[in-house]
Structure formats: C-alpha cells, structure tokens
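Enquirer: Below you'll find the structure I mean.
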Protein chains: 2
Amino acid sequence: MAAEALARTLDTAAALCAQRGARLTPQRRRVLEILCRTERPLGAYEILDQLREGSRALAPPTVYRALDFLLEQGLAHRLESQHAFIGCRHPGCAHQSQFLICARCGRVIELSDAGVSERLAMAARARGFEAERPVVELIGICAGCASAEPAPDCPS
Amino acid sequence: MAAEALARTLDTAAALCAQRGARLTPQRRRVLEILCRTERPLGAYEILDQLREGSRALAPPTVYRALDFLLEQGLAHRLESQHAFIGCRHPGCAHQSQFLICARCGRVIELSDAGVSERLAMAARARGFEAERPVVELIGICAGCASAEPAPDCPS
DNA sequence: ACGAGATTGAAACATTATAACGTTTCCAGG
DNA sequence: CCTGGAAACGTTATAATGTTTCAATCTCGT
Ligand SMILES: [Zn+2]
Ligand SMILES: [Zn+2]
Ligand SMILES: [Zn+2]
Ligand SMILES: [Zn+2]
C-alpha cells in the first residue's frame, strides 16, 4: 500500500478505535501498519520478524494478541486457507468479505459481494443453520498473472 | 455414519478408484472408513490415533499421504477453518461444496448449492480471476443446537 | 524374473498457535 | 495525589499441525 493510503488507513483505524473505546496501542498500530504496507498476506511469524527489526526480542503471543485485537475490530482479516493475515481494505464499513487469492503472485482481492452473501445466507437458512462467521476464499489465478503467463496447455 | 451407509460409501469409493486406475489400498481405505464412521470432522492426529489402535506405531506422514490421496480423489474434504478432515457425503458426483459447521456440536453439513457456486464464479470472473479451489465454510449454530439451547439473549 | 514407478516406514524437523504465569501500564474513584 | 482493578504486555514453555528426507517394500506390465 502506498504511503499516503497507508497513513489514511491508520488514521481511520485510530478514529474507529477511539470511537469504540478500544485502544489502538503503538504495538497494535505497528502490526496493522506492517500488514497494510504489504501487498501479500503475512504469516504471524513473518509479522513477528518485522516487529523484531530493531533487535527487540518478542515472542509469538505478542503478535497473536495484536492480531486478535485487529480481527475483533475488523481492521484485519485472517485467511484460513493460507494461515495468514491481511489488512482490511475498507475498515469501518461493516462487511462480509470474500477473498480472491492468487496462487501464483500471492496477491489478494477483498470483495464484499452482496449477491454472494445473500445466496450463502439463503442456503444456510434453508437448513435452519445460523451462520456467524463466513469463510469464503477462492484460490486461483489473478488477471495479472493469467495475462503474464502462457496458457496452461501452451507448449513451452 | 451407519454401518450400511458406510459399507455402501466404501464400495462406491472402491468402484470409483478402480474406474480411474487409482489404488484404494487397505491403508487409504481404512482412513476413509475412520473419516466416514465419524460424524464430526477429524484432525490428522486424531485419525492417526485411531489408525494406531492395535499397537502399530505409525508416523504423521502415513496419515497425511492417505489424506492427500482421498482429497485428490474427491473422497474426503479438508475443512480449512477447522484444520480437520471429513468424508465426502456424495462421492463420485463432481461437486463444489460449501460446508455448514456447527460451532457447538461440531457437526458438518455439506452442501453443493449451485446458486452459491454461480454467484462466486460471477464475482471472480468480473475481476478477471480464475478460481481453481473454492473454500466456502460457514461457522455457526446448527438447527439442532439452536432448538436445544436457550436463545442468546435469554436471561438465565 | 526384471525394472520403473508407486507406496510405505521411520526419524527428524518446520511451522503455526496457545497455555500459563508474572509484570507493567492505564485509568477511574476515593 | 494514592490506589485498586482491568487491560495490555513480556516470557517461557509447550501443544498442535504439517513437511522433508531417505530407505525399504510392494505392484504391475513386459
Ligand atoms: Zn475487510
Ligand atoms: Zn497473481
Ligand atoms: Zn463432497
Ligand atoms: Zn450443532
């Protein structure tokens, strides 16, 4: 994420937390910044490595606690299929997300497609199931990678 | 799964594999049986524990290899949000599944809702994204648990 | 029988995540 | 200003999940 957009995202996050009485401490803010600065999703231990830059010795719970907070506040998302985390692309707006995850370049597109959410809700309701936490992730090939690469059946 | 249904599922699996030239070895068959006999999804190490009953000392790769085979053949599914595996409820029929996972009792309903699949495909296609492996899991409360328990806002 | 390829056994290792416990920091009320 | 309770943080150890590696064995077509 570009520097300006990053600053704006962090400001939005701070405002949201203030408004909710939640504390976006320096450490949590730092984790959010690391997440948002990166295009790709990051594993907890990758975040930890970046947090440690500057010779501080931090342990796994530190980063997992910060992530729990960010997930609760809707400032970050967990990609279950990747065991990784990503900064939310539109924090504040309550949203059910779907993720398009490129298996080649690792980039992620965060959607909030109402049609998909509705269909899922319908399917669940029809079985008397009350959905609380949807996990919708499509692993595949993004537009950029599809055009940059030869077709799957192209003779090299 | 009841004994009869289990036997039928295993026979179907054997027939499918034979037809494809894939080898449903005793070990793989045993893992499939463990998966299908159980209502709930099972972690790899839970399966391993059951495989070991009879004092054999098996290592993790044994069960992961069997699971890889079953996943490839569409005889089992992996629940990404649970780090667990489940036997397919309708093997043979090519299908994209969605899973309703009860957070209370652990039971799983495997859907193959065409409307959901289509909506997802549309949303992806609109972004030039070619989905290869969909992960759709709704965590929530199943009908049985909802009726058995007091409402969330019920004063105890 | 022979050999290529698939399957299995076994040990070590890598990665991801949490439990448990103590300390520090923050903030509201006295 | 004190002070007590809650939230946040530090630290160690450990649980849970998944992979690499290499050697031994089995299967099947020739
Ligand atoms: Zn989001
Ligand atoms: Zn890509
Ligand atoms: Zn299935
Ligand atoms: Zn239930």
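The values are calculated or read from the model by the stated rules, or taken from the named source; none is laboratory data. Treat the numbers as computed from the prediction; the structure is a model and nothing was measured. Cβ atoms come from the backbone with ideal geometry, glycine included; neighbour counts cover every protein chain shown.
Enquirer: Considering only residues that are within 13 Å of chain B (Cβ to nearest Cβ) and of a type in the set (S, T, N, Q), which ones fall in region A:63-86?
Expert: Result: A:Ser81, A:Gln82.
Enquirer: Sticking with this structure for a sec: What helices (runs of 4 or more DSSP H) completely inside region A:40-156 contain at least 2 residues that are more than 22 Å from A:Arg30 (Cβ to Cβ) and touching a Lys or Arg at 6+ places or on another chain (Cβ under 8 Å)? Steps first, answer last, please.
Expert: Numbers: elements: A:44-52, A:60-72, A:114-126, A:143-148.
So the answer is A:114-126, A:143-148.
Enquirer: So is B:Arg125 more than 23 Å from A:Leu79 (Cα to Cα) and surrounded by fewer than 16 Cβ atoms within 10 Å (Cβ to Cβ) or not?
Expert: The answer is no for B:Arg125.
Enquirer: Here's another thing I want to ask about it. Taking the residues in region B:104-113 that are more than 7 Å from chain A (Cβ to nearest Cβ) and of a type in the set (A, V, I, L, M, F, W, C) as candidates, determine which candidate is surrounded by the most Cβ atoms within 10 Å (Cβ to Cβ).
Expert: B:Val108
Enquirer: Quick test for you: out of B:Leu70, B:Leu79, pick the one residue that is at pLDDT 95 or above and in contact with a Phe, Trp or Tyr (Cβ under 7 Å, 6 or more places away or on another chain).
Expert: After applying the criteria, what remains is B:Leu79.
Enquirer: Does B:Gly43 meet the test of being on the phi > 0 side of the Ramachandran plot and not assigned by TED's automatic domain parsing to the domain that holds B:Glu110? Talk me through it step by step, then tell me what you get.
Expert: Values: on the phi > 0 side of the Ramachandran plot: no; not assigned by TED's automatic domain parsing to the domain that holds B:Glu110: yes.
The answer is no for B:Gly43.
Enquirer: What residue, of B:Leu51, B:Leu42, is hydrophobic (A, V, I, L, M, F, W, C), touching a Phe, Trp or Tyr at 6+ places or on another chain (Cβ under 7 Å) and more than 14 Å from chain A (Cβ to nearest Cβ)?
Expert: B:Leu42
Enquirer: Still on this model: Give me a count of the residues in region A:114-144 that are facing chain B (nearest Cβ under 7 Å) and within 16 Å of ligand 1 (Cβ to nearest atom).
Expert: Total satisfying the criteria: 7.
Enquirer: Then there's this: Pairs please, first residue from region A:73-86 and closer than 12 Å to A:Ile101 by Cα, second anywhere and within 16 Å of ligand 4 (Cβ to nearest atom) and in a loop (DSSP other than H, G, I, E, B), Cβ atoms under 7 Å, 6+ apart in sequence or on different chains.
Expert: Every condition considered, the pairs that remain are A:Glu80/B:Ser81.
Enquirer: Given the criteria surrounded by fewer than 14 Cβ atoms within 10 Å (Cβ to Cβ), more than 10 Å from chain A (Cβ to nearest Cβ) and farther than 23 Å from B:Ala13 by Cα, does B:Ala94 qualify? Before the answer, list the steps.
Expert: Details: surrounded by fewer than 14 Cβ atoms within 10 Å (Cβ to Cβ): yes; more than 10 Å from chain A (Cβ to nearest Cβ): yes; farther than 23 Å from B:Ala13 by Cα: no.
No.
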